[in-house]
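**Student:** What follows is a structure written as structure tokens; I'll ask about it next.
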Amino acid sequence: MTELRGKLLDGYGKLVGSGLKIEDGVIVEIFPADDSVEGWVTPGFIDVHCHGGGGASFPDDPSARGVDTAVEAHRSMGTTAMIASTVSLIDTLTPIKGLAEACDEGKLVGIHLEGPYISPAKCGAQNPAAIRMPDLEELRQWLEAGRGWIKTMTIAPEVDDALAAAKLLLDYGAVPSWGHTSATEEQTRELLEATAAYAKDINFPKPPQTATHLFNAMPPLGHRNPGPVRELMAAARRGEAVVELVADTVHVHPDLVADVVTFIQEANPLGVVFVTDAMEGAGMPDGKYVLGGQDVDIVDGVARLSRNGAIAGGTARVAEEVQRMVRGGYLEMSAAVCCGVGAAANAVGLTQQTPGVTLEWKVGERANAVAFTEDLEITTIVREGEFR
């Protein structure tokens, strides 16, 4: 029998007690709130946009060994449920098949296709040679091969047949994630509204769309030309979208992360999700790595493409983003945990029954938990009742 003591937050950041008692991996008692308790206990974190870690890359090596390595790199920092992300590839079908097998085995909870239907002008760390306009038959083939595991797909709002691709994704239970875009505010607004309307028509059961790493790989927010950022944030406040933020303090200034979280959460508490956009160098030392077949250099913990210096994904894990935002005084722990757990589950339709996911603490259920000291050092990680 093990006790985890600390301010107990649920997946939505609500204070619900002062710890847990766990026996044989199952929660047997939830301790009542106690103002004197130090430390924190939160649910395991959820990453819905991750390309790899620990020296393994999901798009480059979707083998069982590669998946295990990447998953372990994040699980060791308290991420108990993960969606694997690809990048724009000439051959997208092969990684889909490998990653779907990992989902079948319970290692992953879904797949995110980041491209290839994106803007060549905003490709970021994507391979320009792989970028193309939507091909609905190709997309249908990918969705069939994914067997329901494809949860999101990054598409630029301005590309040909973007709405048709979005509708096809929704028909298969997946959602479009708007990003890597040069779209205007008008193009973005029209597509957001049309996608939300179609989702309503088919009684889609979860948020109908997301935004891929808000601010990154899209026009900046301008006072005369707001671009897509303003429209995506407005849709998130309305509950018609969920926006991703890479909250590692590198991709987006932490003050701005805090502003966006506060602005959206006051209207829609589940409208912002922290993602890592992590590549294979997450949890690894500085050095040379690969993302989607492209060479990447990590220097001082920041990953950049060797050929042009563009930021090439993240190197943090979700718990590290929470640590940076809370320790820096940018956000309260409650808001950060909601972004790292409840909002992530909401964005892609994960539930209390999904392996690795705990949204509410319930006696008799297996625990997915992370225990922190008062200054946010991780002391214990539990996934599906198994202690690390």
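**Student:** Given the conditions (1) over 20 Å from Pro228 (Cβ atoms); (2) surrounded by fewer than 24 Cβ atoms within 10 Å (Cβ to Cβ); (3) not small (Gly, Ala, Ser), report the number of the one that Ile150 does not fulfil.
**Tutor:** Ile150 satisfies all of (1) over 20 Å from Pro228 (Cβ atoms); (2) surrounded by fewer than 24 Cβ atoms within 10 Å (Cβ to Cβ); (3) not small (Gly, Ala, Ser) except (2).
**Student:** Separate question: Which ones in the range 113-144 are within 17 Å of Ala312 (Cβ to Cβ) and touching a Ser or Thr at 6+ places or on another chain (Cβ under 6 Å)?
**Tutor:** Scanning the range 113-144 gives Glu114, Gly115, Pro116, Lys122, Gln126, Asn127, Ala130, Ile131.
**Student:** If you don't mind, another one. Give the number of residues within the range 309-324 that are in a helix (DSSP H, G or I) and either free of Cβ contacts under 8 Å to residues at least 24 places away in the same chain or open to solvent by less than 40 Å² (accessible area, probe 1.4 Å) (or both).
**Tutor:** Of the residues in the range 309-324, the ones in a helix (DSSP H, G or I) are 318-324.
Filter once more, keeping what is either free of Cβ contacts under 8 Å to residues at least 24 places away in the same chain or open to solvent by less than 40 Å² (accessible area, probe 1.4 Å) (or both): 318-323.
Of the residues in the range 309-324, 6 are in a helix (DSSP H, G or I) and either free of Cβ contacts under 8 Å to residues at least 24 places away in the same chain or open to solvent by less than 40 Å² (accessible area, probe 1.4 Å) (or both).
**Student:** Look at Phe274 and say whether it is among the aromatic types (Phe, Trp, Tyr) and free of Cβ contacts under 8 Å to residues at least 40 places away in the same chain. So that I can check it myself, show each step before the final result.
**Tutor:** Numbers: among the aromatic types (Phe, Trp, Tyr): yes; free of Cβ contacts under 8 Å to residues at least 40 places away in the same chain: no.
Answer is no for this residue.
**Student:** Considering every residue within the range 75-85, establish whether at least one is of a type in the set (Ser, Thr, Tyr), within 26 Å of Gly287 (Cβ to Cβ) and buried (at least 24 other Cβ atoms within 10 Å of the Cβ). First the steps, then the outcome.
**Tutor:** Keep residues of the range 75-85 that are of a type in the set (Ser, Thr, Tyr), which gives 76, 79-80, 85.
The next check asks that each one be within 26 Å of Gly287 (Cβ to Cβ); those that pass are 76, 79, 85.
The next check asks that each one be buried (at least 24 other Cβ atoms within 10 Å of the Cβ); those that pass are 79, 85.
Yes; the residues of the range 75-85 include at least one that is of a type in the set (Ser, Thr, Tyr), within 26 Å of Gly287 (Cβ to Cβ) and buried (at least 24 other Cβ atoms within 10 Å of the Cβ).
**Student:** What's the total number of residues in the range 27-46 that are open to solvent by less than 20 Å² (accessible area, probe 1.4 Å), in contact (Cβ under 8 Å) with a residue 60 or more places away in the chain and of a type in the set (A, V, I, L, M, F, W, C)?
**Tutor:** Taking the range 27-46 first, the residues open to solvent by less than 20 Å² (accessible area, probe 1.4 Å) are 27, 31, 39, 41-46.
Subset that is in contact (Cβ under 8 Å) with a residue 60 or more places away in the chain: 27, 39, 41-46.
Now drop any that are not of a type in the set (A, V, I, L, M, F, W, C), which leaves 27, 41, 45-46.
Residues in the range 27-46 being open to solvent by less than 20 Å² (accessible area, probe 1.4 Å), in contact (Cβ under 8 Å) with a residue 60 or more places away in the chain and of a type in the set (A, V, I, L, M, F, W, C): 4 in total.
**Student:** Sticking with this one: Residues in the range 171-194: is at least one open to solvent by 50 Å² or more (accessible area, probe 1.4 Å), in the same structural domain as Leu136 (by the TED database), among the aliphatic types (A, V, I, L, M) and under 24 Å from Arg140 (Cβ atoms)?
**Tutor:** no
**Student:** State the number of residues belonging to the range 346-388 that are under 21 Å from Val26 (Cβ atoms), open to solvent by less than 50 Å² (accessible area, probe 1.4 Å) and either in contact with a helix residue (DSSP H, G or I) (Cβ under 7 Å, 6 or more places away or on another chain) or not aromatic (Phe, Trp, Tyr) (or both). Write out each step before concluding.
**Tutor:** Residues of the range 346-388 under 21 Å from Val26 (Cβ atoms): 350-371, 379-388.
Subsequent filtering for residues that are open to solvent by less than 50 Å² (accessible area, probe 1.4 Å) retains 350, 352, 354, 356-359, 361, 367-371, 380-383, 385.
Those still in the list that are either in contact with a helix residue (DSSP H, G or I) (Cβ under 7 Å, 6 or more places away or on another chain) or not aromatic (Phe, Trp, Tyr) (or both) too: 350, 352, 354, 356-359, 367-371, 380-383, 385.
Within the range 346-388, residues that are under 21 Å from Val26 (Cβ atoms), open to solvent by less than 50 Å² (accessible area, probe 1.4 Å) and either in contact with a helix residue (DSSP H, G or I) (Cβ under 7 Å, 6 or more places away or on another chain) or not aromatic (Phe, Trp, Tyr) (or both) number 17.
**Student:** Something else: State the number of residues belonging to the range 3-26 that are in contact with a Phe, Trp or Tyr (Cβ under 7 Å, 6 or more places away or on another chain), open to solvent by 10 Å² or more (accessible area, probe 1.4 Å) and of a type outside the set (Lys, Arg).
**Tutor:** 2
A quick yes/no check of all residues on (1) within 23 Å of Asp91 (Cα to Cα); (2) among the aromatic types (Phe, Trp, Tyr); (3) at pLDDT 95 or above:
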| position | (1), (2), (3) |
| --- | --- |
| Leu270 | no, no, yes |
| Thr276 | no, no, yes |
| Tyr289 | yes, yes, yes |
| Gly293 | yes, no, no |
| Asp297 | no, no, yes |
| Arg307 | yes, no, no |
| Ala316 | no, no, yes |
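**Student:** Pick from Glu114, Glu144: which is within 19 Å of the chain's Cα centre (by Cα) and within 21 Å of Thr92 (Cα to Cα)?
**Tutor:** Glu114
**Student:** Now for a different question. Just one of (1) more than 24 Å from Glu38 (Cα to Cα); (2) in a loop (DSSP other than H, G, I, E, B); (3) hydrophobic (A, V, I, L, M, F, W, C) trips up Ala347, so point out which.
**Tutor:** (2)
**Student:** Considering Ile118, Ile96, which residue is touching a residue at least 40 places away in the same chain (Cβ under 8 Å), touching a His at 6+ places or on another chain (Cβ under 6 Å) and either buried (at least 24 other Cβ atoms within 10 Å of the Cβ) or over 30 Å from Leu376 (Cβ atoms) (or both)?
**Tutor:** Unique residue meeting the criteria: Ile118.
**Student:** Quick check: anything in the range 48-57 touching a Pro at 6+ places or on another chain (Cβ under 6 Å), aliphatic (A, V, I, L, M) and open to solvent by less than 10 Å² (accessible area, probe 1.4 Å)?
**Tutor:** Within the range 48-57, not a single residue is touching a Pro at 6+ places or on another chain (Cβ under 6 Å), aliphatic (A, V, I, L, M) and open to solvent by less than 10 Å² (accessible area, probe 1.4 Å).
The values are calculated or read from the model by the stated rules, or taken from the named source; none is laboratory data. Just so it is clear, the model here is predicted, and its values are computed rather than measured. In this analysis, Cβ positions are derived from the backbone assuming ideal geometry, glycine residues included, and neighbour counts consider all displayed protein chains. Areas reflect the complete protein model, heavy atoms only, side chains present, ligands, DNA and RNA absent. Shrake-Rupley method; radii C 1.70, N 1.55, O 1.52, S 1.80 Å.
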